[in-house]
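Asker: My questions will all concern the structure given below.
All of the numbers you see were taken from the coordinates with simple rules; none came from a lab. Just so it is clear, the model here is predicted, and its values are computed rather than measured. Here the Cβ positions follow ideal geometry from the backbone for every residue, glycine too, while neighbour counts run over all protein chains shown.
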Amino acid sequence: MIFLVLASCGGTKRTLSVDLQTDFVPGLEFRVVRTEAVLSTSGTETSRATNRPADVGDDYLGGRRVGDFDLDQPGSYAVTVSLMREDGTVLAQRIVRVNVQRSFGVTVLITRSCEGVTCPGAGDDPGSTTCAGGHCVPPECGPDDPSACGTPDCVGDADCVAANACSAGQCIDGLCFQAPRSGGCSPREWCSPELGCQPLPGSALDAGPGPCVPELEVCNGLDDDCDGMIDDGIDLATDPMNCGTCNHLCGGDHATAGCARGVCTLSCDPGFEDCDGEPSNGCEADLTAATSCGSCATRCSGATPLCVMGASGLTCIAECPPGTTQCSATCANLGTSLSHCGGCNVACGPAHSTALCTGGVCGVGSCDAGFANCDGDASTGCETDLSDATHCGSCGGACGSAAPYCVGSAGSYACTNGCSDGVRGGDETDLDCGGALCSACRIGSACGRDQDCAGTAVCNAGRCEACGECEAGAMDSQACGLCGTQTRTCGASCSWGSWSSCGGEGVCTPGTLQSQACGNCGTQSRTCNASCQWPAYSTCSGEGVCAVGTSQMQACGNCGTQTRTCDGTCNWSGYGACGGEGACAPGSKTSAGCFNSCQQMTCSSSCAWPTAPDGCTGCGCTGISQCGFSCPANMHATSHSYSSGCGTCCSDNNSHCEPNCGSSFSQCGFSCPSGYHATSYSYSSGCGTCCSDNSARCAINTGSSFTTCGWSCPSGYAVSSHSYSSGCGTCCSDNSTRCTKI
C-alpha cells in the first residue's frame, strides 16, 4: 500500500523530493527503488527518473529519500514509485498525481497488504488504478483529496494485528505496517511476517540460491553484472538511449538525438530546423519550404511566394528559375530533389538508407550499417535488419536450430547458441548452461527442470541439487599438508569416495623462519611463503671484518714483521711482537769495523751492514789545516805550506790534513795510514823541496789481492811475490810486493 504526505518548501527553485516508507525488507525482498516523475502536456511527455539501491539494514520503515527532481515546468506530475525484485520484476508500485507549482516533499507509504493486488479489480471503478490498504484507489488519492483514499485501516497500533510472532503491528498515517519485533529473530535471521524467522543470505543457516550470476549490464534497475553497482555505465542524464529513464529513446526526423540532464535534445541535419521546439518530432521544418525559407522566421508570401537557393542563400522570389518546377511554394529540380523526385511532393526517402534521386527515379544510394536491401525494391529501402536471425549478417543468412541467436554489431554478425559468451541469455537457465541448447548445469546453478542439471542432480526450488551426497562423477578437493591438495570423486551411488593422498605439497610451513651463517660471521634468513616454498635468502648482515683464522702481516722495526690473526668473532686480534729484524735502520751509518773513525758504512735497504772494512766507503770527517808537519789520528797531510800564524818566515810550517777515507788518496810522505797501502811514490810540490819523491799514493786494503810498495804486507794479507815497480822508487831492484788475502 502507498500513501502520500505533501509538504511545501520555500524558495524559487522548483524541486520535487520523494521519500519512501515500507515494511517490505530492503536487500532481501526488494533490491532497487525506482522513482519517476512524468509531466504530460499537449501530447508531449517530460520525465525524470532515478534508481536507488536497497541494501540489508536500510531503514525504510522509518523513511528514506528515494528521489530529488529539479522541475523546469509547473503542472500535474504523475509520480511512480516501484519496489524492484532482484530479477527486475515489480514487487509493489504506486502512481500518484501531484500538482507541483512550487517545491514539494512527498512521502510514499507502501505496505505488504498490496502485494499481488491488481488494480482495477473486479467491481472497481476503472479510474482506481493503484492499491492502498489492500484495495484499489484512483491516483488522486492523497492529501489534496483524502476522500479518494477511502476509510483508514487504523487509528492506532492496537488496530493492526501482528502477522507473525517475530513481527508487531504498527499504524502509520492510517495504514497498518508489519514491523520486526525486537529480539524476535536471532542475529543471523530476518523476520518475514508471512514465513517467520528466515536465515540471512551468507549465514550458516542460509540454504537459498547461490551467488549472483554475471550477465550483460542493461538499464533495468538491477546489478546484472554482479559488480555491486546498479546500471553502472548508464547515465540517465546523458544517455540518448535511456534519457531520464531506462529505455526512453531520444530521436526524431532529420536530426541527431542527444540527452542533457535527462531531457532529449536535437542536433538538426543541414537544411532542417526545430521550429516548434518539440524534440519528439525532430527537426520538422524544411528550410527550403516557403513557411521556413532559410530560417524559422522567414515565410514567403505575396509577390514573392517561392523559396529558392540564390547567390546569398535561400531567399523568397516571384517565379521559379529555368530547369526547376514550382511545387506548392517552392521550386524543385524534379530530376534530383529528394522531396520532389520525379514529381511534386513525391518524397524519396527509402528506409535505413542514404536516398538517391537520379533522373526523377528514387533509389538507394547506400544502406545504413546493420541493414540491407534484400528484396531489391528501392521503395522499401534497406528493409532487412541484419541482426535478425533470419538474415544474420547477410541476406538469407538464417540461423539454424543449433545456433539460433544472431549476435554482434553493425559491422559483424554471427549465429551462436549463446553457450560460450559468458552471459546468461536465450533459453539458458544459468550462465552458459541449461535449456535446450547449452550443456547441463552443475550443482548450485539455476534450473527450470531436472534435465537442466548435469548427471544425477535434480532441480529443486529453481537450483540444481545433488541427488544424495553429491552428483555422480563430480570432483571435490581440499587443502592438505604443506599447501597440497587431495581430491575425492562422487561415485555412481551419489556418495563421496575416500580422499586421495595429499599431492603437490611444498617444502615448508608458511611463516616459518630459517637462518644460516654467511660471509664473515654474518647471518641471512628467509621466511616460508604462502605457497609453502622457500624464497631466496636475504642479503648477509651482521658480518665481521675478516675471515676466521686468516692472518695479516705488517712491517715493523728494522725490516722486521709482526702478525695478527682473525679471531672466532671475525674481528682482528692485536699485532704480535716484531720479529726478523735486521742489524740497522736503512740509511743509518757507523764507523764500527772500519780502519778509523772517519770511515763509515751505510745500512742497506735490507737493514744489514756491509762487510767491513770493504764496505767502509763513507767519510765522517772534514779536512783541516794546522801548524806543523803532522796530522791528527785518522787524517793524512796532503800538502805543506807557510802560515804566518805558525812561526818565523818563511819556510813551510803548516799542513793541510784530510781524513783517511775513500778507496784511495795521496799524502805527503812515504807511509800510509792503517788500513791503506802505498801503491806508488811521486813528487808533490805541496809536500816539500823539489824535486825528489816526497808523497805516496795510498789505497784501501780491500779485495783478495793487491800490490804495495815495499817488502811487507798489511795485517790479514801474506806476501805472494816481490817485483820492481817504477812507481815505488829507484831503478831497478825489486821494490814492491804482491799481497794476497789470508
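Asker: With unit charges on the beta carbons (Lys and Arg positive, Asp and Glu negative) and the dipole taken about the Cα centre of the chain, which residue among Cys367, Val346, Ser721 sits farthest to the positive side?
Answerer: Of Cys367, Val346, Ser721, it is Ser721.
Asker: On a C-alpha basis, how far is the centre of region 14-38 from the centre of region 111-143 in Å? Whole number, if you could?
Answerer: Using only Cα atoms to place each centre, the spacing works out to 18 Å.
Asker: Could you tally the net charge around Thr638, taking each other residue with its Cβ under 14 Å from the Cβ of Thr638, Lys/Arg +1 and Asp/Glu -1? Working shown, then result.
Answerer: Working: positive: Arg697; negative: Asp652, Glu658.
Local net charge: -1.
Asker: Same structure, new question: Of all the Cα-Cα pairs you can form in region 523-667, what percent are over 19 Å apart?
Answerer: Numbers: 7570 of 10440 pairs.
So the pairs more than 19 Å apart make up 73 percent of the total in region 523-667.
Asker: For region 328-478, report the % of Cα-Cα distances exceeding 18 Å. The partial results should precede the final answer.
Answerer: Working: 7783 of 11325 pairs.
Tail fraction, whole percent: 69.
Asker: Rule-of-thumb check for region 588-701: C-alpha Rg over 2.2 N^0.38 Å? Don't skip to the answer; put the middle values down first.
Answerer: Details: Rg = 16.0 Å, N = 114, 2.2 N^0.38 = 13.3 Å.
Relative to the rule-of-thumb radius for its length, region 588-701 sits at 1.20.
Asker: FRET efficiency for Ala583 and Phe670, Cβ-Cβ distance as r, R0 = 45 Å, nearest 0.05?
Answerer: Numbers: r = 39 Å, r/R0 = 0.86.
The value I calculate is 0.70.
Asker: Related question: Can you give me the distance in nm between label points at Cys646 and Thr325, each placed 7 Å from the Cα along the Cα-to-Cβ direction?
Answerer: Each label point lies 7 Å from its Cα, and together they span 16.2 nm.
Asker: Roughly how far apart, in whole Å, are the Cα centres of region 369-410 and region 323-349?
Answerer: The distance from the Cα centre of region 369-410 to that of region 323-349 comes to 33 Å.
Asker: A follow-up question, please. Using +1 at the C-beta of Lys and Arg and -1 at the C-beta of Asp and Glu, which of Cys433, Cys584, Leu175 has the Cα lying farthest in the positive direction of the dipole of the chain?
Answerer: The residue sitting most towards the positive pole is Cys584.
Asker: Roughly how many nanometres apart are two label points built 7 Å out from the Cα toward the Cβ at Ala479 and Cys691?
Answerer: Modelled inter-label distance: 12.7 nm.
Asker: For Phe24, Phe665, which order do you get if you count the other beta carbons within 10 Å of each Cβ and list the fewest first?
Answerer: Details: Phe24 22, Phe665 19.
In increasing order of surrounding Cβ atoms, one gets Phe665, Phe24.
Asker: Shifting gears a bit: At a Förster radius of 41 Å, what calculated FRET efficiency corresponds to the Cβ-Cβ distance of Thr489 and Asp55, to the nearest 0.05?
Answerer: Values: r = 40 Å, r/R0 = 0.99.
After rounding to 0.05, the efficiency reads 0.50.
Asker: Which of Asp59, Asp223 comes first, and how do the rest follow, when ranked by fewest Cβ neighbours within 10 Å? Don't skip to the answer; put the middle values down first.
Answerer: Numbers: Asp59 9, Asp223 20.
In order of increasing Cβ crowding within 10 Å: Asp59, Asp223.
Asker: Could you please state, rounded to a whole Å, how far the C-alpha centre of region 164-203 is from the C-alpha centre of region 425-482?
Answerer: 33
Asker: Apply the a/c threshold of 1.5 to the C-alpha gyration tensor of region 4-151 and tell me whether it is rounded, prolate or oblate. Don't skip to the end; give the middle numbers.
Answerer: Working: a/c = 1.60, a/b = 1.14, b/c = 1.40.
Verdict is oblate for region 4-151.
Asker: If we count other beta carbons within 10 Å of each Cβ, what is the order of Glu471, Glu217, fewest first?
Answerer: Numbers: Glu471 22, Glu217 19.
Listing Glu471, Glu217 from fewest to most nearby Cβ atoms yields Glu217, Glu471.
Asker: What size of dipole, in debye to the nearest 20, comes out for the chain about its Cα centre when the only charges are +1 on Lys and Arg C-beta atoms and -1 on Asp and Glu C-beta atoms? Walk me through the numbers on the way to the answer.
Answerer: Values: 28 positive and 71 negative charges, 1271 e Å.
Roughly 6100 debye for the chain.
Asker: Okay, next question. So, R0 is 25 Å and r is the distance between the beta-carbons of Ser720 and Ser682; what FRET efficiency does that work out to, to 0.05? Mind showing how you got there, number by number?
Answerer: Values: r = 25 Å, r/R0 = 1.00.
FRET efficiency, Ser720 to Ser682: 0.50.
Asker: Can you pull a Stokes-Einstein diffusion coefficient for region 658-741 at 37 °C (0.692 mPa s), Rh from Kirkwood over Cα pairs, as a whole number of µm²/s?
Answerer: Numbers: Rh = 13.0 Å.
Answer from the Stokes-Einstein relation: 252 µm²/s.
Asker: Hey, another quick one. Under 5 Å between amide H atoms, partner at least 5 residues away or on a different chain: which partners does Ala168 have, H built in plane at 1.01 Å?
Answerer: The answer is Ala179, Arg181.
Asker: Could you point to the label whose value was computed as Rg/Rh (Cα atoms, Kirkwood Rh) for the structure here, given [x] 1.27; [y] 1.53; [z] 0.99?
Answerer: Label [y] holds the value from this structure.
Asker: Translational diffusion coefficient of region 110-179 at 25 °C, 0.890 mPa s, Stokes-Einstein with Kirkwood Rh over Cα pairs, in µm²/s as a whole number.
Answerer: On the way: Rh = 12.8 Å.
Taking Rh from Cα pairs, D becomes 192 µm²/s.
Asker: Would you mind working out the magnitude of the charge dipole of region 480-635 relative to its Cα centre, with +1 at each Lys and Arg C-beta and -1 at each Asp and Glu C-beta, to the nearest 20 Debye? Don't skip to the answer; put the middle values down first.
Answerer: Values: 4 positive and 5 negative charges, 55 e Å.
Charge dipole, region 480-635, about its Cα centre: 260 debye, nearest 20.
Asker: Then there is this: Which is farthest toward the positive dipole end of the chain among Pro632, Trp499, Thr35, measuring Cα position about the Cα centre, with Cβ charges +1 (Lys, Arg) and -1 (Asp, Glu)?
Answerer: Pro632
Asker: Same structure, new question: Say a paramagnetic label sat at a point 7 Å from the Cα of Ser420, along Cα to Cβ; which residues of region 436-472 have their backbone N under 15 Å from it?
Answerer: Residues passing the 15 Å test: 438-439.
Asker: Next question. If I model a spin label as a point 7 Å beyond the Cα along the Cα-Cβ vector, how far apart are those points for Ser733 and Cys540 in nm?
Answerer: So the two model labels end up 9.0 nm from each other.
Asker: What's the extension gain from Ala318 to Met229 if we count 0.36 nm per residue and subtract their Cα-Cα distance? All intermediate terms of the calculation are to be shown ahead of the outcome.
Answerer: On the way: separation 89, 0.36 × 89 = 32.04 nm, distance 6.38 nm.
Difference between extended and current length: 25.7 nm.
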